[in-house]
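I have placed the structure first, in the form of C-alpha cells, so that the comments after it can refer back to it.
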Amino acid sequence: MNLNNFIENFADQFEETDASAFTPDTKFKELEEWSSLIALSIIAMVDEEYDITLKGDDIRNSATILDLFNIVKGKS
C-alpha cells in the first residue's frame, strides 16, 4: 500500500477541490467540500481499492489523510 496512491484515490472522491490541496497533512474534514456523502465515498473507495472495511468511527478518529491511511494500513 502506497501513501501517494492512497492520496490520489482519496482526492478522486472530491469534484471541486484541487488535487494540490491533498497532502498527508491535509485536515480533510476542514475542506469546504467535505460532507457525509464524501465520507461514504471514501469508505466505498477503501473497500473497492484495498478490500478493507472502514467504519464511521475510523473517519471520525482521523484528523488528516495520513491518519486515515495509517488506519487502513493497520487493517491490511
> Is it the case that the range 30-37 has a residue that's touching a residue at least 12 places away in the same chain (Cβ under 8 Å) and either surrounded by 17 or more Cβ atoms within 10 Å (Cβ to Cβ) or polar (S, T, N, Q) (or both)?
Replying inline: no
> LYS73 is checked against (1) open to solvent by 80 Å² or more (accessible area, probe 1.4 Å); (2) free of Cβ contacts under 8 Å to residues at least 60 places away in the same chain and fails just one. What number does that condition carry?
Replying inline: (2)
>> Let me spell it out: the conditions are (1) at pLDDT 95 or above; (2) among the hydrophobic types (A, V, I, L, M, F, W, C); (3) surrounded by fewer than 14 Cβ atoms within 10 Å (Cβ to Cβ), and MET45 meets all of them except one. Which number is the exception?
In response: (3)
> Considering only the range 48-70, how many residues are in contact (Cβ under 8 Å) with a residue 24 or more places away in the chain, open to solvent by 40 Å² or more (accessible area, probe 1.4 Å) and over 17 Å from ASN4 (Cα atoms)?
Replying inline: 1
> Which of the following residues is acidic (Asp, Glu) and outside any loop (DSSP other than H, G, I, E, B): GLU33, GLU49, GLU16?
Replying inline: GLU49
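The values are calculated or read from the model by the stated rules, or taken from the named source; none is laboratory data. It should be emphasised that the depicted structure is a prediction, and the values quoted were computed from it without experimental measurement. Cβ sites come from the backbone with ideal geometry, for glycine too, and all protein chains shown count toward neighbours. These accessible areas exclude ligands, DNA and RNA; they are computed on the full protein's heavy atoms, side chains included. Shrake-Rupley method; radii C 1.70, N 1.55, O 1.52, S 1.80 Å.
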